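Just below is one structure, and these are the notes that go with it.
The values are calculated or read from the model by the stated rules, or taken from the named source; none is laboratory data. Since this is a predicted model, take the numbers as computed values, not measurements. As a convention, Cβ positions derive from the backbone with ideal geometry for all residues, glycine included, and neighbour counts pool all protein chains shown.
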Amino acid sequence: MAEAQTVIDIRKLVRNFKLGSETIQVLKSIDLTVKRGEYVALMGPSGSGKSTLMNILGCLDTPTSGEYYLNNLEVARLSDNELADIRNKEIGFIFQTFNLLPRSTALDNVILPLIYAGMKSHEREDQAKKALGQVGLSDRMTHKPNELSGGQRQRVAIARALVNNPSILLADEPTGNLDTKTSIEIMGLLHDIHNKGNTIIIVTHEEDIAQHAHRIIRLRDGVIESDELNKNIRVYQKAETAE
């Protein structure tokens, strides 16, 4: 069997921030590779650098030094338009706060990335409906966010992240605003998505959430403290369609 393709390759990555006259080194010479189809958790306490690393992986921030290759493209050499295109087509984002448009239906929220991608109207509606079906929300397409539960809103956000068939799914504290039962359902859904071949990177400070991943990378004070395969993966049955 052919070896899985490397989708993320980071070399000697450093990220500094200026605080007055002081320079704060948030990431200190990070080396990291992620292969297609992996399910990775980035863990660490507040201030460890995990969110900064996530922002760089998502092309939302740029490193101070070092190299970042995404699907063999050197990110630093890409134009703003090329970066925007990558963020729209290659990376799916799932946020703790959902980031849905409040006046738009679930379907319209999921369609939005396809509009930016320039897809034709009838094609994008079909693709968005398919994505909502994937997350068990075929019967909630016309509902606005305030008519949905927290778990349903996160499912809409996941459908939006998946709609362009991205190379990588980046999830930043995806269960942070959810109760335990709903968190389990969302992690079960991500498990199903991973089983279909998606590469998933999840940022979390919660140990039980990280245990769903197949590989756990722990950051502390801007360096990778450990990078290990998870021998005790938590697996839940497929999440049922939310009521």
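Would you be able to tell me the number of residues in the range 40-54 that are part of a helix (DSSP H, G or I) and surrounded by fewer than 22 Cβ atoms within 10 Å (Cβ to Cβ)?
3
Go through the range 101-111 and report how many residues are under 19 Å from ASN165 (Cα atoms) and not small (Gly, Ala, Ser).
The number of residues fulfilling the criteria is 5.
Hey, does the range 56-66 have a residue that's in a strand (DSSP E or B), farther than 17 Å from ILE216 by Cβ, at pLDDT 95 or above and more than 13 Å from the chain's Cα centre (by Cα)?
yes
Hey, any hits in the range 14-21 for a residue that's surrounded by 15 or more Cβ atoms within 10 Å (Cβ to Cβ), at pLDDT below 90, of a type in the set (A, V, I, L, M, F, W, C) and not in a loop (DSSP other than H, G, I, E, B)?
No: zero hits.
Across the range 112-123, which residue is surrounded by the fewest Cβ atoms within 10 Å (Cβ to Cβ) among those that are without any contact (Cβ under 8 Å) to a residue 24 or more places away in the chain and not in a loop (DSSP other than H, G, I, E, B)?
Result: HIS122.
Being part of a helix (DSSP H, G or I), surrounded by fewer than 23 Cβ atoms within 10 Å (Cβ to Cβ) and touching a His at 6+ places or on another chain (Cβ under 7 Å), is that true of even one residue in the range 140-150?
No: zero hits.
Residues of the range 124-139 being crowded, with 23+ Cβ neighbours inside 10 Å and in contact (Cβ under 8 Å) with a residue 60 or more places away in the chain, which ones?
If the condition is that a residue be crowded, with 23+ Cβ neighbours inside 10 Å and in contact (Cβ under 8 Å) with a residue 60 or more places away in the chain, then LEU137 is the only one that fits.
Would the range 228-243 turn up any residue that is surrounded by 18 or more Cβ atoms within 10 Å (Cβ to Cβ), touching a helix residue (DSSP H, G or I) at 6+ places or on another chain (Cβ under 8 Å) and either closer than 26 Å to SER46 by Cα or among the aromatic types (Phe, Trp, Tyr) (or both)?
No.
What are the pairs with Cβ atoms under 8 angstrom where one residue, in the range 1-29, is under 13 Å from ILE56 (Cβ atoms) and without any contact (Cβ under 8 Å) to a residue 24 or more places away in the chain and the other, located anywhere, is part of a strand (DSSP E or B) and of a type in the set (Ser, Thr, Tyr)? Sequence gap at least six, or different chains.
What qualifies is PHE17/THR23.
So, in the range 83-104, how many residues would count as being surrounded by fewer than 18 Cβ atoms within 10 Å (Cβ to Cβ), in a loop (DSSP other than H, G, I, E, B) and at negative phi?
Looking only at that region, the number is 6.
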